[in-house]
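A short reminder: the numbers here are calculations on the coordinates, not readings from a lab. Because the structure is a prediction, the values reported are computed rather than measured. So basically every Cβ, Gly included, is an ideal-geometry build from the backbone, and we count neighbours across all protein chains shown.
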Amino acid sequence: MKTNEREEQIISLLREQNFISVQELAARLYVSPSSIRRDLNRLEALGIVKRNYGGVVAAGGNPTAPPVAIRSEVNKAAKRAIAKKASLLLRDDCSVLLDDSTTAAAMVEFLAEHRGITLFTNNIETALDATAHGLRTYLLGGALPTDSATVTVGSFALDMLHSIHADLCFFSTSALSADGALYDSTEAHNLLRREMLRRADVRVLLCDSSKFLRTSLYRSAHIDDIEYVCTDAPLPEEIPTGKAIIL
């Protein structure tokens, strides 16, 4: 497991329990305690966790989603491969919603291969990358949450979404459970993602295999609610596919 993947796993574990020791982290992630301590030092420097009595707690006692700096590097090759698969659904002159995920951000290079694309997103870095690729891009205005200053959320962003109709919505999820439910780790991000799904004709889930058979705090949708699923590995047999087409 790579360093960034371990850091994301540490944050995920802290969403399940308030405190976890270095020894337990080392055992659960199959690495040495010294490696865990280096991970914790980095996460503490980023203000995400706080070292405490031989272990770690979430900074402020409120674990959040991993920051973009970490998420963008986790499973990077898999995310690009997923985006390339999903790009088969693109056509010229279509309108596209991209959520704030780093997997959806990987769609930008493939969007740029088509003419007349109109893009809407609440991820500032995705919007900047899209404009650099020459795409007509609209950033959903809204609040900048404390857990991610590169993503907009809140009522202003929702109001803008209410006036949008998109052909396609490409989105990711924090977890895909055994019963086919999709989850987010933060309420504000979940509210916006759910509205994005309502505003598109076709919904495309971009999900790398690290999200399989997991749950998180907030349910955003069910696999029955979407038309396509793009992954980097076959779905486990226990996850129902419903009407969704697996790419």
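Here are some notes:
- In Hz, Karplus ³J(HN,Hα) per residue of segment 127-144 (6.51, -1.76, 1.60; θ = phi - 60°; x = Gly, Pro): 4, 5, 5, 5, 5, 5, 8, x, 7, 6, 10, 10, 8, 5, x, x, 7, 9
- Residues whose placed amide H lies under 5 Å from that of Tyr138, excluding near-sequence neighbours: Leu119, Phe120, Thr121
- The Cβ shell under 15 Å around Cys94 holds other residues with a net charge of -1, Lys and Arg each +1, Asp and Glu each -1.
- Karplus-based coupling profile of segment 90-99, in residue order and whole Hz: 7, 8, 4, 6, 9, 9, 9, 9, 10, 6, with θ = phi - 60° in 6.51 cos²θ - 1.76 cosθ + 1.60 and x standing for Gly or Pro.
- DSSP beta bridges fully contained in the chain are about 40 percent antiparallel.
- Exposure rule at most 10 other beta-carbon atoms within 10 Å, DSSP loop chymotrypsin sites (Phe, Trp or Tyr not before Pro): the chain longest free segment: 54-247
- Structure-based [θ]222 nm, the chain - -39500 (n - 2.57) summed over DSSP H runs of at least 4, per residue, nearest 500: -9500 deg cm²/dmol
- Across segment 92-151, Cα-Cα distances exceeding 14 Å account for 48% of all pairs.
- Prolate/oblate/rounded call for the chain, Cα gyration tensor, a/c under 1.5 rounded: prolate
- Segment 197-241: GluC sites (Glu not before Pro) falling in loop per DSSP and having at most 11 other Cβ within 10 Å: Glu237, Glu238
- Where trypsin sites (Lys or Arg not before Pro) in DSSP loops with at most 13 other Cβ within 10 Å are excluded, longest remaining stretch of the chain: 116-242
- GluC sites (Glu not before Pro) restricted to DSSP loop in segment 99-138 with at most 16 other C-beta within 10 Å: Glu113
- Length-normalised contact order of the chain in % [C-alpha pairs under 8 Å, at least 6 apart]: 15
- Taking the DSSP beta bridges with both ends in segment 78-155, the antiparallel portion is around 20 percent.
- Vicinal HN-Hα couplings computed from phi for segment 215-229 (Karplus, 6.51 cos²θ - 1.76 cosθ + 1.60; Hz; Gly/Pro x): 10, 9, 6, 10, 7, 9, 5, 10, 4, 5, 7, 10, 9, 9, 10
- Using alpha-carbon coordinates, inclination of helix 187-198 to the longest axis of the chain, degrees: 20
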